[in-house]
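**Q** Encoded as structure tokens, here's the structure I'll be asking about.
The values are calculated or read from the model by the stated rules, or taken from the named source; none is laboratory data. Bear in mind that the values here come from a model prediction, so they are computed numbers and not experimental data. Here the Cβ positions follow ideal geometry from the backbone for every residue, glycine too, while neighbour counts run over all protein chains shown. For the accessible areas, the whole protein counts, side chains as well, though only heavy atoms, and no ligand, DNA or RNA atoms are used. Shrake-Rupley method; radii C 1.70, N 1.55, O 1.52, S 1.80 Å.
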Amino acid sequence: MLVSLHVLGLLSISLIILAIIYWLQSKQKSNQSINRLRTMNHILPKQIQVTYKSFESLTADEKIEVIRIWKECYPDTVFNFYNPGGIAIARLQNKIIGYCGYLTSDKLCNWINLNYQNGKHEDYGAKSCNDNGIYFYNLCISESYRNQQYEHNLIKQMMRRLSASYFYTWCQPNDKSLQSFYKKVGFRVQKQTQQAVILER
């Protein structure tokens, strides 16, 4: 009888030890799953909200944020709110993190005629001043949000929302990173000169 009780006691202790080991392993797997989800959330960008406005209709707060981001991307230039085109503003949890300007081909041609005596619409990628193309320019994402797919998300949302037969942009020949970015979102080189690389989608 004493032997049986001793054996039962050992079995009980063994079962308790096995249950603790199983619980610890389950907890470890659960923690690994949580860490994996956290990593995925860090890698995958949160969805941005994009609003479309004219430059003149920006609120005072929006202007302050756009200028702040502009200075991060183009520190040696002055932002011009007197612009005939539109601006797509990217927000993440109601915070402005970037933007991109856009012009229809007719507005681009008017802007060129007003600002450049010998400017040509072809130099910017427009096939005609009367077509249904849209020109993208001055894409800028705030420094702390770069390389997290937000710029891709912004351009893709713009192409889905804006009605155009084609989209085009202009890059400096030595700006390989910007060219690479546009190629990743489906643009291809339309024309290349010593002054510019024209990309189209």
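**Q** Which value, in debye to the nearest 20, gives the size of the charge dipole of the chain about its Cα centre, when Lys and Arg are +1 and Asp and Glu are -1 at the Cβ?
**A** Here the chain has a charge dipole of around 740 debye.
**Q** How big is the accessible area of residue 18 in square angstrom, nearest 10, if you roll a 1.4 angstrom probe over the protein chains?
**A** The accessible area of residue 18 comes to roughly 110 Å².
**Q** Using alpha carbons only, how many degrees (0 to 90, rounded to 10) separate the axis of helix 2-43 from the longest principal axis of the chain?
**A** Once rounded, one gets 0 degrees.
**Q** Let me ask something else about it. Can you send over the carbon and sulfur percentage of the accessible area for the chain, probe radius 1.4 Å, protein chains only?
**A** Percent of accessible area from carbon and sulfur atoms in the chain: 55.
**Q** With unit charges on the beta carbon (Lys/Arg positive, Asp/Glu negative), name the residue among 166, 194, 154 whose Cα is farthest towards the positive pole of the charge dipole of region 85-201.
**A** 154
**Q** Okay, next question. How about residue 120: which lysines have a C-alpha closer than 27 Å to its C-alpha, ignoring those fewer than 8 places off in the same chain?
**A** List returned: 53, 107, 176, 183, 191.
**Q** Using Cα atoms only, what is the angle between the long axis of helix 150-161 and the major principal axis of the chain, expressed in degrees (0 to 90) to the nearest 10?
**A** 60
**Q** For the chain, which cysteines have no disulfide-compatible partner, meaning no other cysteine Cβ under 4.7 Å?
**A** 100, 171
**Q** Counting only heavy atoms of the protein chains, get the accessible area per residue of the chain (1.4 Å probe) and round it to a whole Å² value.
**A** Value returned for the chain: 65 Å² of accessible area per residue.
**Q** Separate question: Report, in degrees rounded to the nearest 10, the 0 to 90 angle that the Cα long axis of helix 60-73 makes with the longest principal axis of the chain.
**A** The two axes meet at around 90 degrees.
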